[in-house]
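Below: the structure, in structure tokens.
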């Protein structure tokens, strides 16, 4: 989110200091999965419309980024395949298909939620995994997380208006005076966008009065990367919280756990082993595929789960840009644009759902 915010600031000619306690994009964004999954198309809402618009607009954003940097972000609208193991799930899915025809529309473009008797591609997923059929949605996509981060960083390294400081903690942030200590240097600012992932929450809490609960928490996720001779155009498989994502170069990413309690945030364990075995049970091409990387990291989950964006009600110079648990890659470019517009008191041409506002999260944490 912070990288996208700096990109939007550069495009608007806004002088920007981009700082990271580690290396740019080295936190949860540096993972393996990269699934771009839409919400279910039923019970349509402002939030679902925002996510739909963001997923559709991401395609053009990445095309422009790739053209500007000459780097690939590993993006593809590959779709999603959902096995339906029980008859009642088939009935529900058919209702969702009608919902998608109504709501998954972007101008002349239409995206679909097909309910099929068998998988649309052969030998990718075991037919027995979907005893009551399969859903094939054409809106979902994927991106290679580290490739996208590399493209964003490359863009910013050439930027005229962005200065980058890595491996420097921010201390003594005073949004009212517009000052902070960064790597021993006192920095002054007009506006501060705080996009520090789960580390944003304690900083925001210290600046917020009347809270009875934390504004958010880190949630550990584990994922793995396997090497197999697979077509990178294959749809992402989703079943009972398990994702199998086909990437370029004969790789498949598997994930991910959601652990509210954990010891070592960066270690992998038997929970990841179980995911790998579950994937191999339904994907024949992965049964003998070696694991080339195991990954763990912490993702930011705001108290009300939705992203947390907006001007802090007690500190007008401070804009929050965090949260987005499990949906960040599909929304970050649009959320970051909104944050930059808020910082500059300009109109983006779109609005954020009310539940995304930091004031909404503060209200929940104050109860």
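No lab work stands behind these numbers, since they all come straight from the coordinates. All values derive from a computational prediction rather than experimental measurement. Counting neighbours? That spans all protein chains shown, and the Cβs are built from the backbone with ideal geometry, glycine included.
Model label sites at residue 11 and residue 164, defined 7 Å from Cα along the beta-carbon direction, differ in position by 1.9 nm.
Taking the centroid of alpha carbons for each part, segment 4-31 and segment 348-367 are 23 Å apart. Axis angle, to the nearest 10 degrees, between helix 270-282 and the longest C-alpha principal axis of the chain: 40 degrees. Our estimate of slack between residue 109 and residue 40, defined as 0.36 nm per intervening residue step minus the Cα-Cα distance, is 23.0 nm. Each part gets one Cα centre, and for segment 183-228 versus segment 84-122 those centres are 36 Å apart. Secondary-structure-derived ellipticity at 222 nm for the chain, considering helices only, amounts to -9500 deg cm²/dmol, per-run term -39500 (n - 2.57) for DSSP H runs with n ≥ 4. How far is it, in nm, from the label point at residue 127 to the one at residue 21 when both lie 7 Å from their Cα along the line to the Cβ? Inter-label distance under the simple model: 5.2 nm. For the chain, the longest principal axis of the alpha carbon atoms and the long axis of helix 87-103 meet at an angle near 50°. Taking the C-alpha atoms only, the angle from helix 2-11 to the longest principal axis of the chain is near 70 degrees.
DSSP beta bridges fully contained in the chain are about 85 percent antiparallel. With R₀ fixed at 22 Å, the C-beta to C-beta distance from residue 315 to residue 366 puts the FRET efficiency at about 0.85.
Using R0 = 56 Å, the C-beta based FRET efficiency linking residue 92 and residue 291 works out to 0.95. For the pair residue 261 and residue 101, the difference between a 0.36 nm per residue extended length and the Cα-Cα distance amounts to 53.6 nm.
Please order 192, 288 by the number of other Cβ within 10 Å, starting at the fewest.
Ranking 192, 288 by Cβ neighbours within 10 Å, fewest first, gives 288, 192.
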